[in-house]
Amino acid sequence: MLNPEAHRPWGWYDELLSTKYCKVKEITVSPGQRLSYQYHTKRREQWTVVKGNLTIILDGDKVFRYPGESIHIPMGAKHRAWNETDEDVVFIEVQTGTYFGEDDIVRLEDDYERGDYEHLKDWVDIKEDQLRNKTDWWKKMSK
(Lines give C-alpha, C1' and ligand atoms only; values in the text may rest on other atoms or scores of the structure.)
Protein backbone atom coordinates (compact mmCIF):
# COMPACT_ATOMS: atom_id res chain seq x y z
CA MET A 1 0.00 0.00 0.00
CA LEU A 2 1.43 3.35 -1.07
CA ASN A 3 -0.47 5.50 1.41
CA PRO A 4 -2.55 4.62 4.45
CA GLU A 5 -6.29 4.40 4.01
CA ALA A 6 -7.99 7.69 3.30
CA HIS A 7 -11.33 7.59 5.11
CA ARG A 8 -14.36 9.34 3.68
CA PRO A 9 -18.00 9.53 4.79
CA TRP A 10 -18.90 6.95 2.10
CA GLY A 11 -16.10 4.47 2.92
CA TRP A 12 -12.37 4.63 2.19
CA TYR A 13 -9.69 4.20 -0.44
CA ASP A 14 -6.11 2.94 -0.61
CA GLU A 15 -3.72 4.53 -3.09
CA LEU A 16 -1.92 1.62 -4.77
CA LEU A 17 0.15 3.48 -7.36
CA SER A 18 0.95 7.12 -8.07
CA THR A 19 3.12 8.20 -11.00
CA LYS A 20 3.28 11.23 -13.29
CA TYR A 21 1.15 9.37 -15.86
CA CYS A 22 -1.43 7.52 -13.71
CA LYS A 23 -2.89 6.91 -10.27
CA VAL A 24 -4.48 3.65 -9.08
CA LYS A 25 -6.81 3.34 -6.08
CA GLU A 26 -8.71 0.53 -4.41
CA ILE A 27 -12.02 2.09 -3.38
CA THR A 28 -14.41 0.58 -0.83
CA VAL A 29 -17.96 1.95 -0.69
CA SER A 30 -19.84 1.10 2.51
CA PRO A 31 -23.38 -0.32 2.36
CA GLY A 32 -25.99 2.25 1.38
CA GLN A 33 -23.40 4.97 0.69
CA ARG A 34 -22.43 6.84 -2.48
CA LEU A 35 -19.72 9.19 -3.66
CA SER A 36 -20.54 12.70 -4.82
CA TYR A 37 -21.97 13.25 -8.28
CA GLN A 38 -18.92 14.83 -9.87
CA TYR A 39 -16.69 15.29 -12.89
CA HIS A 40 -12.99 15.90 -13.59
CA THR A 41 -11.37 18.30 -16.04
CA LYS A 42 -7.89 16.77 -16.20
CA ARG A 43 -8.38 13.01 -15.97
CA ARG A 44 -10.44 10.05 -17.11
CA GLU A 45 -11.07 6.93 -15.04
CA GLN A 46 -11.50 3.20 -15.59
CA TRP A 47 -13.33 1.32 -12.82
CA THR A 48 -13.22 -2.47 -12.40
CA VAL A 49 -15.42 -4.04 -9.74
CA VAL A 50 -13.64 -6.70 -7.67
CA LYS A 51 -16.21 -7.30 -4.90
CA GLY A 52 -19.96 -6.74 -4.72
CA ASN A 53 -22.42 -5.06 -7.08
CA LEU A 54 -21.76 -1.41 -7.97
CA THR A 55 -24.40 1.03 -9.13
CA ILE A 56 -23.01 3.84 -11.30
CA ILE A 57 -24.63 7.06 -12.42
CA LEU A 58 -22.89 8.15 -15.63
CA ASP A 59 -24.15 11.35 -17.27
CA GLY A 60 -27.59 10.76 -15.73
CA ASP A 61 -27.89 7.09 -16.72
CA LYS A 62 -28.01 4.38 -14.04
CA VAL A 63 -25.89 1.32 -14.89
CA PHE A 64 -24.59 -1.67 -12.95
CA ARG A 65 -21.28 -3.50 -12.79
CA TYR A 66 -20.46 -6.81 -11.11
CA PRO A 67 -17.16 -8.50 -10.13
CA GLY A 68 -14.83 -8.61 -13.13
CA GLU A 69 -16.76 -5.97 -15.07
CA SER A 70 -15.46 -2.49 -15.92
CA ILE A 71 -16.73 0.93 -16.98
CA HIS A 72 -14.91 3.85 -18.61
CA ILE A 73 -15.52 7.33 -17.16
CA PRO A 74 -14.51 9.86 -19.84
CA MET A 75 -12.90 13.17 -18.91
CA GLY A 76 -15.68 15.66 -18.14
CA ALA A 77 -18.36 12.97 -17.70
CA LYS A 78 -20.62 13.38 -14.67
CA HIS A 79 -20.42 10.27 -12.53
CA ARG A 80 -21.11 8.70 -9.15
CA ALA A 81 -20.34 5.33 -7.55
CA TRP A 82 -23.16 4.01 -5.37
CA ASN A 83 -23.48 0.96 -3.14
CA GLU A 84 -27.16 0.05 -3.00
CA THR A 85 -26.42 -3.28 -1.25
CA ASP A 86 -25.91 -4.32 2.37
CA GLU A 87 -22.26 -5.41 1.89
CA ASP A 88 -19.09 -3.46 1.02
CA VAL A 89 -18.46 -2.88 -2.68
CA VAL A 90 -14.83 -2.67 -3.83
CA PHE A 91 -13.55 -1.43 -7.18
CA ILE A 92 -10.18 -0.53 -8.68
CA GLU A 93 -9.95 2.95 -10.16
CA VAL A 94 -7.25 3.72 -12.74
CA GLN A 95 -6.85 7.43 -13.45
CA THR A 96 -5.07 8.65 -16.59
CA GLY A 97 -4.66 12.20 -17.81
CA THR A 98 -2.55 15.24 -16.98
CA TYR A 99 -3.29 15.76 -13.27
CA PHE A 100 -4.51 13.48 -10.46
CA GLY A 101 -4.96 15.76 -7.43
CA GLU A 102 -8.05 15.56 -5.26
CA ASP A 103 -8.74 19.19 -6.19
CA ASP A 104 -9.71 18.06 -9.73
CA ILE A 105 -13.13 17.12 -8.38
CA VAL A 106 -16.06 19.32 -9.36
CA ARG A 107 -18.94 18.26 -7.09
CA LEU A 108 -22.44 18.68 -8.49
CA GLU A 109 -24.24 16.87 -5.65
CA ASP A 110 -22.90 15.58 -2.34
CA ASP A 111 -24.82 13.68 0.35
CA TYR A 112 -22.32 14.79 3.00
CA GLU A 113 -22.34 18.54 2.22
CA ARG A 114 -18.59 18.67 1.61
CA GLY A 115 -17.32 21.97 0.27
CA ASP A 116 -14.96 22.73 -2.57
CA TYR A 117 -11.92 22.69 -0.26
CA GLU A 118 -12.51 19.35 1.50
CA HIS A 119 -9.50 17.83 -0.32
CA LEU A 120 -7.17 20.24 1.50
CA LYS A 121 -7.65 18.34 4.77
CA ASP A 122 -5.61 15.43 3.34
CA TRP A 123 -2.90 17.81 2.11
CA VAL A 124 -2.63 19.43 5.55
CA ASP A 125 -2.40 15.99 7.23
CA ILE A 126 0.40 14.96 4.85
CA LYS A 127 2.34 18.20 5.45
CA GLU A 128 1.96 17.86 9.23
CA ASP A 129 3.31 14.28 9.06
CA GLN A 130 6.25 15.42 6.93
CA LEU A 131 7.08 18.20 9.38
CA ARG A 132 6.79 15.83 12.36
CA ASN A 133 9.09 13.28 10.68
CA LYS A 134 11.63 15.96 9.78
CA THR A 135 11.61 17.29 13.36
CA ASP A 136 12.08 13.76 14.75
CA TRP A 137 15.01 13.19 12.38
CA TRP A 138 16.72 16.42 13.50
CA LYS A 139 16.24 15.49 17.16
CA LYS A 140 17.87 12.09 16.56
CA MET A 141 20.77 13.65 14.66
CA SER A 142 21.50 16.23 17.37
CA LYS A 143 21.98 13.61 20.12
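The values are calculated or read from the model by the stated rules, or taken from the named source; none is laboratory data. What you see is a predicted model; the values in this text were computed from it and never measured. So basically every Cβ, Gly included, is an ideal-geometry build from the backbone, and we count neighbours across all protein chains shown.
In table form, for the structure just shown:
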quantity	calculated
Lone unmet requirement of (1) surrounded by fewer than 17 Cβ atoms within 10 Å (Cβ to Cβ); (2) in contact (Cβ under 8 Å) with a residue 12 or more places away in the chain; (3) within 12 Å of the chain's Cα centre (by Cα) for residue 7	(2)
Residues (in a strand (DSSP E or B) and free of Cβ contacts under 8 Å to residues at least 60 places away in the same chain) located in region 17-38	17
Matching residues in region 47-80 - criterion: being surrounded by fewer than 18 Cβ atoms within 10 Å (Cβ to Cβ) and part of a loop (DSSP other than H, G, I, E, B)	53, 59, 60, 66, 67, 68, 69, 74, 75, 76, 77, 78
From the options 44, 34, 65, residue that is of a type in the set (Lys, Arg), in contact with a Lys or Arg (Cβ under 8 Å, 6 or more places away or on another chain) and modelled with pLDDT of 95 or more	34
Inter-residue pairs, beta-carbon under 8 Å, first at positive phi and in region 67-81, second among the polar types (S, T, N, Q) and assigned to a strand (DSSP E or B), 6+ apart	68/48
Single unsatisfied condition, residue 41 versus (1) closer than 22 Å to residue 75 by Cα; (2) not in a loop (DSSP other than H, G, I, E, B)	(2)
Selected residue [under 10 Å from the mean Cα position of the chain (by Cα) and farther than 26 Å from residue 98 by Cβ] from 55, 28	28
Hits in region 86-125 (condition: assigned to a helix (DSSP H, G or I) and either at pLDDT 90 or above or over 16 Å from the mean Cα position of the chain (by Cα) (or both))	124, 125
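A quick yes/no check of all residues on (1) small (Gly, Ala, Ser); (2) touching a His at 6+ places or on another chain (Cβ under 6 Å); (3) surrounded by fewer than 17 Cβ atoms within 10 Å (Cβ to Cβ); (4) within 21 Å of residue 106 (Cα to Cα):
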{"position": "11", "(1), (2), (3), (4)": "yes, no, no, yes"}
{"position": "17", "(1), (2), (3), (4)": "no, no, yes, no"}
{"position": "27", "(1), (2), (3), (4)": "no, no, no, yes"}
{"position": "36", "(1), (2), (3), (4)": "yes, no, no, yes"}
{"position": "39", "(1), (2), (3), (4)": "no, no, no, yes"}
{"position": "45", "(1), (2), (3), (4)": "no, no, no, yes"}
